[in-house]
Amino acid sequence: MHAVTPDTLDGVVASLTPAAARWVEANGYTGAPGSILSVPDAEGGVAAVLFGDSADAPAHAAGALASLTPGTYRLEGFADPATACIAFALGSYSFRTYRSGGEGKEPERARLVVPKGFDLPAARIQLEAVALARDLINTPSNDMGPEELAEAARRLADRFGATFSTITGDALLEKNFPMIHAVGKASTRAPRLIDFSWGDPSHPRLTLVGKGVCFDTGGLDIKPSSSMLLMKKDMGGAANVLGLALMVMASNLPVRLRVLIPAVENAISGNAFRPGDILPSRKGLFVEIGNTDAEGRLVLADALALADEEDPDLLIDMATLTGAARVALGPEVMPFYTHDDAFAQDLAEKAADVSDPLWRMPLWKPYAKMLDSKVADINHVTSGGFAGSITAALFLEQFVENASVWAHFDIFGWNPSSRPGHPEGGEAQAIRALFAQLKTRYPA
């Protein structure tokens, strides 16, 4: 694979055979950013590939190279071969569990010779984490309910010797997680709080909380069918938290890691929670329910309150929380919220370095009044359509007061269509940027 620009194209073409050079000319190839041209050999195979490698190309443009004719390829002339390798690997992902006759079997595909100096072990950890998050999100809800999500977390915890536990069903009430219980009690699949810890207790406390709504009907405020179709991805926060936890443990970062995942199905039955209900919370606040389709922030609130009781050094929550975030930033750029300017600036730099786009949004205090309730301490939604992602973050903030740094990520967890390095379907978002930041915050 030859990386070219319009300025270097002639020199690369001159190094090819005369027949290959004529092929390039006949196809009118110019080396435009992200463009690909396969050059055949005399036997009909691939003699070379030209790739438009430019700063103007999309960040993971080299991911499109993964769809080349099966064979073994070597990079030549790439400005950033490491990023090209990562993009190639991200683009090689496929989810084949439910392909009849091909369950778990990877098709023959293009392979890449790892360039000299490339940190293959570190890359494998990162790519395994991305694949884990994608696989969990892509799995349909009939095979990925609260119990199955807990089992996936257990397998990860057991792999690294973490201490694992769950609180299930009515035991959530006994242990004071009333909002997790209320959201999940209408389903035949019992709600639960997944909890595992890893690492030296004397190390800084890093706590990850992930929204694990395994399917969301909207509850009694039921979604239309078009909005319900992708709700298998509503546990995308949990999937991404597990991917990030994998990277932390596999890299042996010097932290005391705790992972908390409230895992529920927001279903409909006679005992479903209702609009207008007032729920107690672990924090002690009484929460008025404005809409049962805003259930994710309720289960997160109880889990965040538990996490905050330990005074963590860094508390991160991830959730497919609001449609407002997608209206604001679309499916590719993830908003995050924090009061810590230094954390936000460092994370933004890391996100740019690894092409995992994030954008800081404001915890705008004046909007908190939109959550006022006449009958309870707080309503969990607003009555209007303004600032939906911000007000959701402001609601969650009510349940965090002791953590040294808290950051909330309102992710999408899904690629609506394929683009280089990012196949259509479940997606890992923000975790590569976060891990890059964690490595500098907690150096080995």
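The values are calculated or read from the model by the stated rules, or taken from the named source; none is laboratory data. In this text the structure is predicted, and so the values were computed from the model without any measurement. We place every Cβ from the backbone using ideal geometry, glycine too, and count neighbours over all the protein chains shown. With ligands, DNA and RNA removed, areas are computed over all heavy atoms of the protein, side chains included. Shrake-Rupley method; radii C 1.70, N 1.55, O 1.52, S 1.80 Å.
Sites listed here are trypsin sites (Lys or Arg not before Pro) in the range 317-422 whose DSSP assignment is loop and whose Cβ has at most 14 other Cβ atoms within 10 Å: LYS374. Taking all protein chains together, SER389, SER38, SER202 sort by accessible area into SER202, SER38, SER389, largest first [probe 1.4 Å].
The charge dipole of the range 183-269, taken about the Cα centre with unit charges on the Cβ atoms of Lys, Arg (+1) and Asp, Glu (-1), comes to about 60 debye, rounded to the nearest 20.
Just the number, please: carbon plus sulfur as a percent of the accessible area of the chain, 1.4 Å probe, no ligands or DNA/RNA counted.
Here it works out to 52 percent.
Taken along the Cα-to-beta-carbon direction at a fixed 7 Å, the label points for ASN252 and ILE268 span 5.3 nm.
Quick one: grab the alpha carbon gyration tensor of the range 6-103, order the square roots of its eigenvalues as a ≥ b ≥ c, and give me rounded if a/c is under 1.5, else prolate or oblate depending on whether a/b is larger than b/c. It comes out oblate by the Cα gyration axes. Scanning the chain for chymotrypsin sites (Phe, Trp or Tyr not before Pro) in DSSP loops with at most 11 neighbouring Cβ atoms within 10 Å leaves 99-385 as the longest stretch between them. Values of log10 I(q)/I(0) for the range 168-214 across q = 0.15, 0.17 Å⁻¹ run -0.49, -0.59, by the Debye formula with one identical scatterer at each alpha carbon and no solvent. Globularity index of the range 231-327 is 1.23 (Cα radius of gyration / 2.2 N^0.38 Å, N = number of residues). Taking Cβ atoms as reference points and 12 Å as the exclusive limit, the residues near ALA325 contribute a net charge of -1, counting Lys and Arg as +1 and Asp and Glu as -1.
Look at the alpha carbon pairs under 8 Å that are at least 6 residues apart: their mean separation over the length of the range 257-348 gives a relative contact order of 19 percent. When all C-alpha to C-alpha distances in the range 322-404 are sorted into bins of 5 Å, what percent of pairs does each bin hold, rounded to whole numbers? Going out from 0 Å in 5 Å bins, the range 322-404 shows 3, 13, 22, 21, 19, 13, 6, 2, 1, 0 percent. Taking all protein chains into account, the per residue accessible area for the range 59-160 stands at 51 Å² (1.4 Å probe). Cross-link reach is defined here as a Cα-Cα straight distance under 29 Å, omitting same-chain residues fewer than 8 places apart; for LYS211 the lysines meeting it are LYS175, LYS185, LYS223, LYS232, LYS233, LYS283, LYS350, LYS365, LYS369, LYS374, LYS439. Evaluated at q = 0.09, 0.11, 0.15, 0.17 Å⁻¹, the base-10 log of the normalised Debye intensity for the range 117-269, with identical point scatterers placed on the Cα atoms, takes the values -0.30, -0.44, -0.77, -0.94. Summarising the overall dimensions of the chain from its C-alpha atoms, the Rg and Dmax are 23.6, 81 angstrom. From its DSSP helices (H runs of at least four residues, each -39,500 (n - 2.57)), the chain gives a residue-normalised ellipticity at 222 nm of -9500 deg cm²/dmol.
Quick one: putting +1 on the C-beta of Lys and Arg, -1 on the C-beta of Asp and Glu, what dipole do you get for the range 246-392 around its Cα centre, in Debye to the nearest 20?
On the way: 12 positive and 21 negative charges, 80 e Å.
I would put it at about 380 debye.
Rounded to the nearest 5, what is the percent of antiparallel bridges among the DSSP beta bridges in the range 148-305?
Details: 16 of 25 bridges.
Looking only at bridges with both residues in the range 148-305, the antiparallel portion is about 65 percent.
Shape call for the range 385-444 from the C-alpha gyration tensor, a ≥ b ≥ c root eigenvalues: rounded (a/c under 1.5), prolate (a/b greater than b/c) or oblate?
Values: a/c = 3.87, a/b = 1.18, b/c = 3.28.
Oblate shape, in that a/c is at least 1.5 and b/c is the bigger or equal ratio.
Think of the chain as a dipole: +1 on every Lys or Arg Cβ, -1 on every Asp or Glu Cβ, centred on the Cα centre; then among ALA433, GLY388, VAL113, VAL113 lies furthest on the positive end. With Cα atoms as the point set, the range 135-196 shows a radius of gyration and Dmax of 12.4, 34 Å. Using alpha carbon centroids, what distance separates the range 226-260 and the range 376-391, in Å? What the calculation gives is 26 Å, centre to centre. Entry comment: accessible area of the range 337-444 is 44 Å² per residue, from protein heavy atoms only and a probe of 1.4 Å.
State, to one decimal in nm², a quarter of the convex hull surface area for the C-alpha atoms of the range 274-352, i.e. the direction-averaged projected area.
On the way: hull surface 26.4 nm².
For the Cα atoms of the range 274-352, the hull's average projected area reads 6.6 nm².
Electrostatic bookkeeping for LEU371 treats Lys and Arg as +1 and Asp and Glu as -1; over the other residues with beta carbon under 11 Å from its beta carbon, the sum is -2. With a sphere of radius 10 Å drawn around the Cβ of MET179, what net charge do the other residues whose Cβ falls strictly inside it have (Lys, Arg +1; Asp, Glu -1)? For residues surrounding MET179, the net value is +1. Distance between the C-alpha centres of the range 262-323 and the range 58-81: 43 Å, rounded to the whole angstrom.
Between rounded, prolate and oblate, where does the range 43-149 land on the alpha carbon gyration tensor, with a ≥ b ≥ c its root eigenvalues, rounded for a/c under 1.5, else prolate if a/b exceeds b/c? In terms of gyration-tensor shape, prolate. Ordered by 1.4 Å accessible area with all protein chains kept, VAL183, VAL400, VAL375 run largest first as VAL375, VAL400, VAL183. For the range 78-131, which trypsin sites (Lys or Arg not before Pro) are both in a DSSP coil and crowded by at most 10 other Cβ atoms within 10 Å? Listed in order of number, the matching sites are LYS105, LYS116. Among LEU37, ALA21, THR8, which residue has its Cα furthest toward the positive end of the charge dipole of the range 1-92, with +1 on Lys/Arg Cβ and -1 on Asp/Glu Cβ? Checked the options; the winner is LEU37.
The residues of the range 1-55 expose on average 53 square angstrom of accessible surface per residue, using a 1.4 Å probe on protein heavy atoms. For the chain, the relative contact order comes to 16 percent (Cα pairs under 8 Å, sequence separation of at least 6).
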